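The values are calculated or read from the model by the stated rules, or taken from the named source; none is laboratory data. Owing to the predicted nature of the structure, the values given are computational and were not obtained by experimental measurement. All Cβ positions, glycine included, derive from the backbone under ideal geometry; neighbour counts span all protein chains shown. These area figures cover heavy atoms from the full protein model, side chains too; ligands, DNA and RNA do not enter into them. Shrake-Rupley method; radii C 1.70, N 1.55, O 1.52, S 1.80 Å.
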Amino acid sequence: MLLLGCDFSSAPTSRKPIVVAIGILDGSHVVLGRFEHFASLDQWANWLHATPEWTGGFDLPFGLPRELVEQLGWPVEWAALMAHYAALTRADIRLAFSAFCAARPVGGKFAHRATDGPAGSSPSMKWVNPPVAFMLHAGVPRLIAAGAAFPGLEARSDESRRIALEAYPGMLARELIGRRSYKSDDVKKQTPERAVARADLLSALEQGATRLGLALKLSDTQRALLLADARGDRIDAALCLVQAAWALVRKNEPPVGFGLPSGIDPLEGWILTA
C-alpha cells in the first residue's frame, strides 16, 4: 500500500505548492520515497485520482463542529454536509461563520470539534490564521471526487483502495521537540535556532522516538533536503506520512479501524493519533 502525507494549501502556487510525501511501510520503518509538488488544486486532485491505491494523511480538517452545523441549520449527515459546504462560496462561508462568532461571548467565539482538545488543533471553522475552513472547502470535495473513502465519517467499502485520513503534523512535532518553532514562511524568521529545531525533529523521527513506534527512513540526500526546508512544507508532509503509516498498521482494528476512537462523531471526524 502506497502511503501519502500531504501538506495542504487552499490556494497553492508554484512558490507555495501543495506537497505530498510518498513512501511505504517496511516493518517499523516508514521509508520515504519522494515528494510531489502541485501548484494548483486541480493538479493535486487529478494526481490523486490517477493514483489507484493509497492511504493518505492530509493536513486539513475533514469535518465541522456539530454545534456550528446544528445552529446554522445545515445537514447533519456528513456526505450531505460536504455537498452543501462545497456549493457555498468562500464569501458565503465567511459571512455565516462570522455571524455565528459575533453572537457568542468573548473567549468562546469559535465552536470546536471533540478532537481539537487532544490534538491541540485550530477550530475547523477558522477562516483566517490559519484559514482551515477554506482548506476543508478546497480539499475534501476534491478528495471525494478522487474516489477516496473516509473512515469514521462514512461507510467504507471493503473495495476502497484510496483511504483519506485527517492528519496534523503540528501534534507530532510538539511530541518530538515541544513548542520550538522549526519553520517560517518569512525569510527573516528562518533563523539558526529554527534550523537546529529541524535537525532535532528529524533526528527524533529517524530514531523512532515517538509513541507511534515508527521510525522515518531517509537517504542522505533526503535528510539534507529536509534540513534545508526552512518553510517546513516537506517536513510537515513527512510528519503526515508517519501518521498515515501508524493508521495503516491499525487498519483492521475494531471498531472503526485506522486507530480511530470508538466514540468518533461521524459528522466531525477525528485527527489521527490524537
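General observations
- Judged by the mean number of other Cβ atoms found within 10 Å, the most tightly packed of the peptides 65-74, 101-110 leads the ranking 65-74, 101-110.
- Radius of gyration, Dmax [segment 154-220; alpha carbons; angstrom]: 16.0, 49
- Gyration tensor over alpha-carbon atoms, the chain, equivalent ellipsoid semi-axes in Å: 28, 22, 18
- Structure remark: mean-square fluctuation, Gaussian network model of the chain, C-alpha springs under 10 Å; the largest value among F97, F134, F258 belongs to F97.
- For A197, net neighbour charge (Lys/Arg +1, Asp/Glu -1) across residues whose Cβ lies under 13 Å away: +4
- Segment 44-197 shape via C-alpha gyration tensor axes, a/c threshold 1.5: oblate
- Separation between Cα centres of segment 1-73 and segment 141-155, rounded to whole Å: 12 Å
- Distance between the 7 Å Cα→Cβ label points at R223 and E175: 2.2 nm.
- Rounded, prolate or oblate (a/c below 1.5 giving rounded, otherwise prolate when a/b exceeds b/c) for segment 233-272 by Cα gyration tensor: oblate
- Label-reachable residues, segment 233-257, where backbone N falls under 14 Å from a point 7 Å from T191's Cα toward its Cβ: none
- Low-density loop cleavage sites - trypsin sites (Lys or Arg not before Pro) in segment 188-269, where at most 10 other Cβ are within 10 Å (DSSP): R211
- Relative intensity, log₁₀ I(q)/I(0), of segment 102-261 from a Debye sum that treats every alpha carbon as a point, q = 0.12, 0.16 Å⁻¹: -0.65, -1.11
- Taking 0.36 nm per residue of sequence separation and removing the Cα-Cα distance, the R250/K109 pair yields an extension gain of 47.2 nm.
- In Å², nearest 10: area of H137 left accessible to a 1.4 Å probe: 30 Å²
- Modelled spin-label separation between K16 and R94, with each label point placed 7 Å from Cα along the Cα-to-Cβ direction: 1.5 nm.
- If you plug the beta carbon distance of R211 and R34 into 1/(1 + (r/R0)^6) with R0 = 30 Å, you get a FRET efficiency near 0.65.
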